[in-house]
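Here's the structure we're looking at; comments come further down.
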Amino acid sequence: MTNDTMQGFMFADMDIRGVHLRLDQGVKTVLNQQDYPAPVASLLTEMLIVACLLSANLKLRGHLSVQIRGAGPLKWMMAECRQLSDDPEQPFRVKGMAQFDDSIGPQASLAELVSEGRLIITIEPDKGQRYQGIVLVDQTTLAGCIESYFYQSEQLPTHIQLVSTDDSAAGFMLQRLPQTLSDETQADVDWELIHALASTLTAGELAQLPADQVLHRLFHEQQVKVFTPRPVLQQCDCSRERCGAAIVGLGKTAVEEILEEQKAIVIDCHFCNQHYAFDTVDCHVLLEQDVMAAEVNAAMH
Ligand SMILES: [Zn+2]
């Protein structure tokens, strides 16, 4: 099992919520799947943390992904967090990957990695409307970009702190909610206080301390209500079945053309390095099943 957990919390008498996340093991597993240059590994770590932090407050089954697309040596990066159920005992699942050139220096900054970059946040509930928000990568840090995204898109003041070291990955987020408990003046005062306290958390403390100690260290004079901690697992959602569906989606003619040139169709998952091979017989079984399913469907309508 994993120590990776997400700990949500609220203040009893303030319209502010927060989440603490530890993601050491999950990040290690993702980074082991490809040979990433140090600045890419560090940014991917932060992206995985952010995908989880933003998922924490969503009460839905589905996917939340964070992507960066740019014209610099980092072409594309994505981190995704999934909730398969709204049962608080169930883990969140993360995965992530990046595509990049060889020309990345060991100290490359965010601006050097991502030129003219865009940060895209997509929320895909299993049921319901897909949502997408986009913000320019025009801050010096990923945390700054996400804070700016929330400010621009939802006018929700947000505080995000991320740490990514060789053996520790953690994040901390606070968000001011629309007022329900107090008037605007009081809410401003509350936010300033909580934000100021949170700003005293050092990177070393965030890297080392468990959630309860972080909350005690920052907010021992406030009334904090913590939710059930939820585990976070690195887990890919690829499967032989999904790959089969993708092959069927190519169409019979295209599949037969490929099989004339090679013995099998091999699909590699770039998230988890799993290989799925479909030889001629496998492919024909898939195509036959598809024809049969179409016939059954037609007969039923
Ligand atoms: Zn996979």
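The values are calculated or read from the model by the stated rules, or taken from the named source; none is laboratory data. All of these numbers come straight from a predicted model, not from anything done at the bench. No Cβ is skipped: glycine too gets one built from the backbone with ideal geometry, and neighbour counts run over all protein chains shown.
Confirm whether LEU162 is buried (at least 19 other Cβ atoms within 10 Å of the Cβ) and either closer than 18 Å to ARG17 by Cα or hydrophobic (A, V, I, L, M, F, W, C) (or both).
On the way: buried (at least 19 other Cβ atoms within 10 Å of the Cβ): yes; either closer than 18 Å to ARG17 by Cα or hydrophobic (A, V, I, L, M, F, W, C) (or both): yes.
In short, yes.
Can you list the strands (runs of 3 or more DSSP E) found entirely within the range 1-87 that contain at least 1 residues being within 22 Å of CYS238 (Cβ to Cβ)? Before the answer, list the steps.
Values: elements: 5-11, 16-22, 62-69, 74-83.
Qualifying strands (runs of 3 or more DSSP E): 62-69, 74-83.
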- line: Residue hits (the range 158-191; in a loop (DSSP other than H, G, I, E, B) and closer than 30 Å to VAL40 by Cα) are THR165, ASP166, ASP167, SER168
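Residue under question is GLN186, and the condition is that it be away from the ligand (no atom under 16 Å from the Cβ), closer than 30 Å to ILE16 by Cβ and not aromatic (Phe, Trp, Tyr); does it hold?
Numbers: away from the ligand (no atom under 16 Å from the Cβ): yes; closer than 30 Å to ILE16 by Cβ: yes; not aromatic (Phe, Trp, Tyr): yes.
When the stated conditions are applied, GLN186 passes them.
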message: Return the residues of the range 142-171 that are of a type in the set (Ser, Thr, Tyr) and touching a residue at least 40 places away in the same chain (Cβ under 8 Å); say none if nothing qualifies.
response: SER164, THR165, SER168
field: Scope the range 115-136; condition modelled with pLDDT under 95 and either closer than 25 Å to ASP35 by Cα or of a type in the set (D, E, K, R) (or both); matching residues
entry: SER115, GLU116, GLY117, GLU124, ASP126, LYS127, ARG130
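Checking the structure you have, find out if any residue of the range 93-101 is within 16 Å of the ligand (Cβ to nearest atom) and of a type in the set (S, T, N, Q). Before you say what the answer is, go through the steps one by one.
If we filter the range 93-101 for residues that are within 16 Å of the ligand (Cβ to nearest atom), which is where we start, we get 93-99.
Narrowing the set further to residues that are of a type in the set (S, T, N, Q) leaves 99.
Yes - at least one qualifying residue is present in the range 93-101.
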task: Say whether the condition of being part of a loop (DSSP other than H, G, I, E, B) and among the hydroxyl-bearing types (Ser, Thr, Tyr) is met by at least one residue in the range 107-114.
output: yes
query: Between residues in the range 189-215 that are surrounded by fewer than 18 Cβ atoms within 10 Å (Cβ to Cβ) and residues that are of a type in the set (S, T, N, Q), which pairs lie under 6 Å by C-beta distance while being six or more apart or on different chains?
result: ALA207/THR165; ALA207/SER168
